[in-house]
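Worksheet for the structure shown next.
Read-outs throughout are calculated quantities, based only on the coordinates presented, and are distinct from any laboratory measurement. It should be emphasised that the depicted structure is a prediction, and the values quoted were computed from it without experimental measurement. Cβ coordinates were reconstructed from backbone atoms using ideal geometry, including for glycine residues, and neighbour counts include every protein chain displayed.
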Amino acid sequence: MIKKQINQKDSIDIELLNSIGYDYVFNNSPINRFKNKIKIPDKLDKNKHEKLLRLKKEIDSIEDCKLKKNASQLVFADGDTQSTIMIVGEGPGQKEDELGKPFVGDAGNLLNKMLKAIKIERKKIYITNVVNYRPPNNRKPEQSEINRYSKYLREHISIIDPKILILMGSTAMEAILGSNKRISKERGQWKEIIIKQKNYKTIVTFHPAYLLRKPDQKKFSWEDLKIVRKEIDEQNIVI
């Protein structure tokens, strides 16, 4: 297949990210012969649901938290709780705080288009953030806040039990990998993290909000997305 040449003078903008997935790559992927999802027993569905409710209640009962005091509401998660793909972002912004849902507004719209570029519907994945309350003035969560909420995030990951974990942004990277390295050096590489004695295949990439500020970095996120899509195809992961 002949690949299209990308003009390096043009950033991979939203429109290109939206269209590139249909005629640029993945046409040669093996046919997925496992099209029908396996029905998960209702008992397991109920068990996961109950665990998520307990976790949400535990986060909602946090005391002496500057984030909680300044936020309008708890922003817990969005998407399919049975998904094999989980995304972790930084924290709620103004729109997320208003709606009680992660990744909405401009950053959420870009995320949706990024996922669509690799033929993934947002509603079929699961999304949460490192911190569940909006930081004042949309600032980056402080290290103490990241540390405090990391235990809840790890529990969240354990409950969802994804086959692929995508960490978007330096805050998510620090919360899970404990890395003090630059995200530009860590992104695009598969890593194994262990939570409750179970390994999770994890990859770091830029946060959509960062890409809106630095559109020249979108080309790197596109490379990361292709890595994710390749893994999905090779593992025959059903989404």
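Some observations on this one:
- In order along region 73-89, the phi-based Karplus estimate (6.51 cos²θ - 1.76 cosθ + 1.60, θ = phi - 60°) of 3J(HN,Hα) comes to 6, 6, 10, 8, 5, 8, x, 8, 5, 9, 5, 8, 10, 10, 10, 10, x Hz; Gly and Pro are listed as x.
- Cross-linked pairs K46/K163; K198/K230; K48/K113; K140/K230; K66/K95; K198/K226: Cα-Cα separations exceed 27 Å for K48/K113; K140/K230.
- Derived scalar couplings between HN and Hα for region 220-225 equal 6, 5, 4, 5, 5, 4 Hz in order, rounded to whole Hz, by the Karplus curve 6.51 cos²θ - 1.76 cosθ + 1.60 (θ = phi - 60°), x for Gly and Pro.
- Using the Karplus relation 6.51 cos²θ - 1.76 cosθ + 1.60 with θ = phi - 60°, the per-residue 3J(HN,Hα) values for region 124-137 come to 9, 10, 10, 10, 8, 10, 5, 10, 9, 10, 5, x, x, 6 Hz, with x marking Gly and Pro.
- Backbone N under 17 Å from the I195 label point (7 Å along Cα→Cβ), restricted to region 129-161: 129-133, 146-161
- All aspartates and glutamates inside 20 Å of K219 as judged from Cα atoms, apart from same-chain residues fewer than 8 positions distant: D10, D13, E15, D23, D106, E186, E231
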